[in-house]
Amino acid sequence: MPRKTSVPIEITVEERRELSALLRNSRRKRNWVRADIILRAAEGQTNYMIAKELRLSRNTVQHWRYRFARERLAGLKTRPIPGRPKKIESKSTEVIARGN
């Protein structure tokens, strides 16, 4: 079975600037990990190399690489989780209120 090849990533100067800013300034780990994946991919690293260096699964690297290739910077944003929102039960609210 042939190996899957990595999608080549080429980024513009503006995209590099925005990804570098995310890497430096993001408070959420998931945002800077995604930016780091794309910057490394733009340097020509393979999914395997990126996954090994960042201690991620190759599937994770492949996912963000493909999503960036399809949707560019907008693809790196977290999407809402589909389905009904979780309900907050009144019992848990009462416990919190009594705990104060």
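No lab work stands behind these numbers, since they all come straight from the coordinates. Keep in mind that this is a model prediction, so the values were computed, not measured. Ideal geometry is used to build each Cβ from the backbone, glycine not excepted, and the neighbour counts take in all protein chains shown.
Counted residue by residue at 0.36 nm each, then reduced by the alpha carbon distance between them, the extension gain from Arg17 to Arg55 reaches 11.2 nm. Sites listed here are GluC sites (Glu not before Pro) in region 1-89 whose DSSP assignment is loop and whose Cβ has at most 15 other Cβ atoms within 10 Å: Glu10, Glu43, Glu89.
Measuring nothing but how far apart in sequence close Cα pairs (under 8 Å, 6+ apart) lie, relative to its length, region 13-76 scores a relative contact order of 26 percent.
Segment Arg28..Lys77, full-extension length gain: 16.5 nm, with 0.36 nm per residue of separation and the alpha-carbon distance subtracted.
Relative to the compact-globule scaling 2.2 N^0.38 Å, provide the ratio for the alpha-carbon radius of gyration of region 13-76.
1.00
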